[in-house]
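Take a look at the structure set out below.
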């Protein structure tokens, strides 16, 4: 850290901060939030939904006309002269802010660093080029090497402005030692296979693969970040497949009693599934994951998990059956997975990585 005074960094949070978050974390009901930890590390002000503009009639009209994300970008732009760095947590706020900064101007020392989830969407790329949005973004933080390559090779952003870092998980919360399981109840049951999330999930392929597998398959088809709906029709799933929603603590317990976790994905070039993957790895679970261009930076095939081709239920079934039959192999993969997470993707490591990047854009101490 540079020792810059609190309030010199503004951090946007595109979602709503849950009520009672500190108490829930302190009680062990949910993991630590990355934006809270990052805010504390950077001495940053948080800007979250609902946008402050909602407090006025004009602001309410602005939100209705352009949406909450653009309203948050406008708030950030209006406050730009108060901060050395504005860190936006995604393109939904970061790109509108970049456009506004290009038009409004900013102090020479005010920098904008944007976390990128997926810039390779054609509409985003066209807007980026057309509006020359690179002028309003000083640094890009990416979680997938495919996005890093797209931003540098296709959008022409200098490589020194694009930073690749692993995503994060609270490995203290998602720990086998914290799970609540009852060995007396689970004893004698057939194995459980689990999966979770919505973004780019290929659940139809999973359903085809597990229909005749001697295991119970549990699908946590929900996500606080995705607007997508599940592709699973509850009336058509095999008898051994159950679709449900879980709290984070319940999801942790599900991982703990699972023989393995499957991450079936549609082909995409961003890190779809990364939250579930890291949670399961942190819980020492063996993982079977679809190989996609965007999901290549976390799992090491044959070491911390197993990759299978996309949209291939035969290959997926074969990998599942092979691992279910090999307890020692599953345990080996699970131990290696958690070791990787603790070293590379624990929330404290993640916060330190992002703080180091942001500090590059802060003015030297004493200025």
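The values are calculated or read from the model by the stated rules, or taken from the named source; none is laboratory data. Just so you know, these numbers come straight off a predicted model, no measurement behind them. Note: ideal-geometry Cβ built from the backbone for every residue, glycine included; neighbour counts use all protein chains shown.
With the condition kept exactly as written, say whether any residue in region 33-41 is modelled with pLDDT of 90 or more, within 24 Å of residue 347 (Cα to Cα), outside any helix (DSSP H, G or I) and within 23 Å of the chain's Cα centre (by Cα). Yes, region 33-41 has at least one match.
The residues on offer are 232, 287, 277, and the sole one that is modelled with pLDDT under 90 and in contact with a strand residue (DSSP E or B) (Cβ under 6 Å, 6 or more places away or on another chain) is 232.
Give region 115-144 a look and list any residue that's part of a helix (DSSP H, G or I) and more than 24 Å from residue 362 (Cβ to Cβ), or say none.
Just the residues of region 115-144 that are part of a helix (DSSP H, G or I), to begin with: 122-130, 133-136.
If the condition is that a residue be part of a helix (DSSP H, G or I) and more than 24 Å from residue 362 (Cβ to Cβ), then 122, 123, 124, 125, 126, 127, 128, 129, 130 are the ones that fit.
Looking at this structure, is residue 181 surrounded by fewer than 21 Cβ atoms within 10 Å (Cβ to Cβ), outside any helix (DSSP H, G or I) and touching a helix residue (DSSP H, G or I) at 6+ places or on another chain (Cβ under 8 Å)? Criteria met by residue 181.
Going through 277, 320 one at a time, which residue ends up being under 26 Å from residue 150 (Cα atoms) and assigned to a helix (DSSP H, G or I)?
Values: 320 fails: under 26 Å from residue 150 (Cα atoms).
Answer to the check: 277.
Rundown of residues vs (1) assigned by TED's automatic domain parsing to the domain that holds residue 293; (2) more than 21 Å from the chain's Cα centre (by Cα); (3) within 30 Å of residue 30 (Cα to Cα), yes/no style:
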{"site": "111", "(1), (2), (3)": "no, yes, no"}
{"site": "115", "(1), (2), (3)": "no, no, yes"}
{"site": "133", "(1), (2), (3)": "no, yes, no"}
{"site": "136", "(1), (2), (3)": "no, yes, no"}
{"site": "141", "(1), (2), (3)": "no, no, yes"}
{"site": "150", "(1), (2), (3)": "no, no, no"}
{"site": "158", "(1), (2), (3)": "no, yes, no"}
{"site": "163", "(1), (2), (3)": "no, no, yes"}
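Filtering region 347-367 to residues that are under 23 Å from residue 279 (Cα atoms) and in contact with a helix residue (DSSP H, G or I) (Cβ under 8 Å, 6 or more places away or on another chain) leaves 347, 348, 349, 350, 351, 352, 354, 355.
For the structure I just gave you, tell me whether residue 145 is within 23 Å of residue 262 (Cα to Cα), in contact with a strand residue (DSSP E or B) (Cβ under 7 Å, 6 or more places away or on another chain) and outside the structural domain of residue 284 (by TED's automatic domain parsing). Considered against the rule, which asks whether it is within 23 Å of residue 262 (Cα to Cα), in contact with a strand residue (DSSP E or B) (Cβ under 7 Å, 6 or more places away or on another chain) and outside the structural domain of residue 284 (by TED's automatic domain parsing), residue 145 comes out as yes.
Once region 148-173 is narrowed to residues that are in contact with a strand residue (DSSP E or B) (Cβ under 6 Å, 6 or more places away or on another chain) and in a helix (DSSP H, G or I), the residue that is surrounded by the most Cβ atoms within 10 Å (Cβ to Cβ) is 151.
No other residue among 314, 306, 321 is surrounded by 18 or more Cβ atoms within 10 Å (Cβ to Cβ) and at pLDDT 95 or above apart from 306. For region 9-48, the tally of residues that are in contact (Cβ under 8 Å) with a residue 40 or more places away in the chain and touching a helix residue (DSSP H, G or I) at 6+ places or on another chain (Cβ under 8 Å) stands at 17.
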